[in-house]
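The values are calculated or read from the model by the stated rules, or taken from the named source; none is laboratory data. Nothing here was measured: the structure is a model prediction, and the numbers come from that model. When we count neighbours, we look across all protein chains shown, and the Cβ atoms used for this are built from the backbone with ideal geometry, even at glycine.
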Amino acid sequence: MKFEIAHCNINVQDLDRAIAFYEEALGLRVVRKHEVPDSSFILVFLTDESGEFQIELTWLRDHADRPYDLGENESHICFRTDDYEAAHAHHKAMDCICYENPGMGLYFICDPDGYWLEIVPVRR
């Protein structure tokens, strides 16, 4: 199943845990990692199988021990999938679905840091 990424930057508390979640939940893979020795952050870029869409995970050393305030404009991140039923079954098996609205044809999964990831079908 393919996920099209509609928003690209996510702050995480535990980088390894977040990478593992996005690899398993959305089938993304790490394509590069950027770490400046004297800086307080690490950027990890993941992409879908086509390499067309990227997501950026940001880990801030100063904030590693406390949750993020997602802020007014970062309450959730939207992903579109070309196989909605398979994605829904996969996330049910992972037990990470936190809200479903069958009437609207969407559901949300929750990542380890509390971000709500909206899953919707690709609308042609």
Close pairs (7 angstrom Cβ cut-off, 6 or more residues apart or separate chains): among the β-branched types (V, I, T) in segment 95-124, surrounded by 11 or more Cβ atoms within 10 Å (Cβ to Cβ) and part of a loop (DSSP other than H, G, I, E, B) anywhere:
I109/C96; V120/G105; V122/D82
Taking segment 29-43, which residues are more than 12 Å from the chain's Cα centre (by Cα) and part of a strand (DSSP E or B)?
V30, V31, R32, K33, H34, E35, F41, I42, L43
Do you know which residues across segment 77-124 are touching a Lys or Arg at 6+ places or on another chain (Cβ under 7 Å) and of a type in the set (S, T, Y)?
T81
Subset of segment 69-101 that is assigned to a loop (DSSP other than H, G, I, E, B) and modelled with pLDDT of 90 or more - its residue that is nearest to the chain's Cα centre (by Cα):
C96
Could you figure out which of (1) more than 21 Å from A87 (Cβ to Cβ); (2) surrounded by 11 or more Cβ atoms within 10 Å (Cβ to Cβ); (3) at pLDDT below 80; (4) not aromatic (F, W, Y) isn't true of Q13?
(3)
Qualifying positions in segment 9-51 - in contact (Cβ under 8 Å) with a residue 12 or more places away in the chain and small (G, A, S):
A18, A25, G27, S40, S50, G51
Here are some residues: I19, I55. Which one is under 15 Å from the mean Cα position of the chain (by Cα), under 19 Å from Y115 (Cβ atoms), of a type in the set (A, V, I, L, M) and modelled with pLDDT of 85 or more?
I19
